[in-house]
1. Across bins of 5 angstrom width beginning at 0, how are the C-alpha pair distances of the stretch 31-79 distributed, in whole percent?
2. Could you grab the relative contact order for the stretch 1-151? Cα pairs under 8 Å, six or more apart, rounded to a whole percent.
3. Any number yet on Rg/Rh for the stretch 23-167, C-alpha, Kirkwood?
4. Starting from the 7 Å offset along Cα-to-Cβ, what nm value, one decimal, do you get for the label separation of residue 129 and residue 193?
5. Across 10 Å bins from the origin, how do the percents of Cα pairs in the stretch 97-214 run, short distances first?
6. Under 8 Å for C-alpha pairs, at least 6 residues apart: give me the relative contact order for the stretch 1-51, rounded to a whole percent.
7. Quick check of the Kirkwood formula: for the chain, what is the inverse mean of 1/r over all pairs of different Cα atoms, in Å?
8. Roughly what angle does helix 151-171 make with the longest principal axis of the chain, taking Cα atoms, 0 to 90 degrees, to the nearest 10?
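Please treat every number below as a calculation from the coordinates, not as lab data. This structure is a prediction, so every number in the text was calculated from the model and none was measured. Counting neighbours? That spans all protein chains shown, and the Cβs are built from the backbone with ideal geometry, glycine included.
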Ligand SMILES: NC(=O)c1ccc[n+]([C@@H]2O[C@H](COP(=O)([O-])OP(=O)(O)OC[C@H]3O[C@@H](n4cnc5c(N)ncnc54)[C@H](OP(=O)(O)O)[C@@H]3O)[C@@H](O)[C@H]2O)c1
């Protein structure tokens, strides 16, 4: 590859914090950023899947947990190191809306939306002060449409769409590009229950223009692009990585 072009995707010297990095899409994104040269801090709950250097945190326990995660990350790499933040942690229990009580409501919002807000509040201003940064928030088709007991998950993901625009408006003038990714139906532990239903799985495969379901590795290249120099004029956007599902 021509050196000028390669530089657009070169993350050497950058440090990334990726939540949801213990599984699925977040793990693939963390691997990709590392493959492009970044130092990657991986956060999730499951210590075994995070590996020895991961940071274990339960983001359902509120914004203090997100602040504690940031404190641990800072301890490892220094307060001014993180220049790429990927908010990928997500949870989607699917009880019917009638059955959701206040506690479950707050737990789901805490993981899917509040953690992204709080980590943004920690790192966005620091990135802006340094004049360079990238934030990637993982959204969902449920930001825009209902999909099988969307419940609080849909509320949170709609919030992610708004958060992305607000963060972009606030920090892009100082070099921080903020975008969201909307996965289609991707084969991960989160979708195991949905995909166990053969008819449903076949329906979504047929609806996608690619006639396939997504895999975590489908997020590698797009994450490197959005985390790198090449995306410096791309901000406030939502990019659907969904095999065309959103336009059928
Ligand atoms: N798969 C899809 O089809 C699809 C579609 C649309 C959007 N998404 C979004 O894509 C993102 C990744 O999902 P995935 O499909 O890759 O699912 P996944 O394999 O189940 O991964 C979810 C990740 O979030 C972390 N997480 C969940 N609850 C947490 C908590 N309380 N505290 C800290 N971390 C927590 C998990 O950590 P532990 O496993 O260590 O607990 C795991 O790393 C999510 O934001 C999801 O909403 C996925």
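1. Going out from 0 Å in 5 Å bins, the stretch 31-79 shows 5, 20, 25, 26, 18, 5, 1 percent.
2. 23 percent
3. That ratio equals 0.97.
4. 4.2 nm
5. 13, 36, 30, 17, 4, 0
6. It rounds to 39 percent for the stretch 1-51.
7. Result for the chain stands at 18.1 Å.
8. In the chain, helix 151-171 runs at an angle near 20 degrees to the longest axis.
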